[in-house]
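S.K.: Dropping a structure here in structure tokens format, bear with me for questions.
The values are calculated or read from the model by the stated rules, or taken from the named source; none is laboratory data. As the structure is a prediction and not an experimental result, all values here were calculated from the model. All Cβ positions, even for glycine, are placed from backbone atoms using ideal geometry, and neighbour counts span all protein chains on display. To get the accessible areas, we keep the full protein, side chains included, count just its heavy atoms, and leave off ligands, DNA and RNA. Shrake-Rupley method; radii C 1.70, N 1.55, O 1.52, S 1.80 Å.
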Amino acid sequence: YMYNMVTGSIVTYNNISTIAKTLETLFDETQNVDFKLYVVDNGSQDGTPEYIEKNFSQVSVIRSEKNVGFGAGHNIVINSIDSSYHAIINPDIVLKENAIKKMVDYMEENTDIGLLSPRICFPDGRDQILGKRNPQLKYLVASRLRGDEPSKLLREYAMLDCDLSKPVRIENATGCFMLLRTDLLKKIGGFDEGYFMYFEDADLARRVNEVSKCVYYPHAIVNHVWGRESKRNLKLMCVHIDSMFRYFCKWKTI
């Protein structure tokens with residue numbers, strides 16, 4: 001297979017509403033990077049893969065016959081790439097100001113970092129409050145019950161009382177966008193496919209931290225639409241709870 005400095009993978013499932021903007025900005029913002037994108041489509045019914053093939057011929061579309069889930073979808077790509085860095089990208093992400101180039105440059109300078117997590121904002125520029133410590137039941141309950149102002153527990157989970165204006169080590173990184181060293185990602189076996197969706201990112205970050213470092217890097221920004229679907233959809237909520245139990249049992253933690 002071909003060598004690229006940076007590869008990226010997006011796993012899609014009925015994402016026709018957001019995918020065009022994601023791909024347009026992704027290619028606009030990676031013109032100064034040797035970048036190759038793969039999209040694994042988990043059996044979309046809304047024309048997502050056809051749309052990508054028609055409008056973005058530079059993307060390698062891989063069609064999965066059935067919905068294999070988030071981690072397993074990304075692993076299809078991880079197992080077949082030869083790059084220095086690999087980006088895990090959600091289909092509702094918009095890159096800002098050369099985010100990937102900035103992250104690659106920082107990792108080139110800091111060879112002890114295995115995973116870099118950018119600053120993630122809502123489209124209106126507000127920061128998203130996302131877990132940076134390992135998940136615990138108390139944090140997840142606080143996250144469910146979140147109001148307008150983050151509670152003490154949520155502040156702790158998202159490390160809001162730390163100085164987040166400069167790079168800082170983290171335990172947990174969000175899977176909506178992360179950049180990893182490809183060789184490390186392969187070494188730890190990619191995502192644990194036992195998670196269909198949710199917690200596979202926390203699990204991956206935890207395994208990276210066993211052999212390398214996960215770092216939050218505020219100087220690269222990505223926008224994330226963030227639907228919080230599992231709050232409204234009972235089936236997804238059940239998937240969420242199932243993944244939570246798997247995580248807590250695997251890491252013998254609560």
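S.K.: Among the numbered criteria (1) open to solvent by less than 20 Å² (accessible area, probe 1.4 Å); (2) touching a Ser or Thr at 6+ places or on another chain (Cβ under 9 Å), which one does LEU23 miss?
M.R.: (2)
S.K.: Kindly indicate the residue of the range 48-75 that is among the hydrophobic types (A, V, I, L, M, F, W, C) and within 11 Å of ILE10 (Cα to Cα) and also least open to solvent (accessible area, probe 1.4 Å) among those meeting that condition. I'd like the intermediate steps shown before the answer.
M.R.: The initial filter retains those residues of the range 48-75 that are among the hydrophobic types (A, V, I, L, M, F, W, C), namely 52, 56, 59, 61-62, 68, 70, 72.
Right, trim to within 11 Å of ILE10 (Cα to Cα) and you get 59, 61-62, 70.
Working: VAL59: 15, VAL61: 34, ILE62: 52, PHE70: 34 Å².
In this case the residue turns out to be VAL59.
S.K.: Oh, and also: Kindly evaluate LYS252 against the criterion of being free of Cβ contacts under 8 Å to residues at least 24 places away in the same chain and either polar (S, T, N, Q) or part of a helix (DSSP H, G or I) (or both).
M.R.: On the way: free of Cβ contacts under 8 Å to residues at least 24 places away in the same chain: yes; either polar (S, T, N, Q) or part of a helix (DSSP H, G or I) (or both): no.
No, not satisfied.
S.K.: Just to check your reading of the model, which residue among ARG232, ARG207 is at pLDDT below 95 and either within 14 Å of the chain's Cα centre (by Cα) or under 21 Å from LEU140 (Cα atoms) (or both)? Let's see the steps before the verdict.
M.R.: Values: ARG207 fails: at pLDDT below 95.
Result: ARG232 is the single residue among ARG232, ARG207 that is at pLDDT below 95 and either within 14 Å of the chain's Cα centre (by Cα) or under 21 Å from LEU140 (Cα atoms) (or both).
S.K.: Go through the residues of the range 103-111 one by one and say whether even a single one is closer than 18 Å to TYR198 by Cα, loosely packed, with under 15 Cβ neighbours inside 10 Å and touching a residue at least 60 places away in the same chain (Cβ under 8 Å).
M.R.: Pass one, the range 103-111, residues closer than 18 Å to TYR198 by Cα: none.
Checked against the condition, which is being closer than 18 Å to TYR198 by Cα, loosely packed, with under 15 Cβ neighbours inside 10 Å and touching a residue at least 60 places away in the same chain (Cβ under 8 Å), the range 103-111 yields no hits at all.
S.K.: Determine which single condition LEU185 fails, assuming it passes every other condition in (1) open to solvent by 30 Å² or more (accessible area, probe 1.4 Å); (2) of a type outside the set (D, E, K, R); (3) more than 28 Å from GLY125 (Cβ to Cβ).
M.R.: All conditions pass for LEU185, except number (1).
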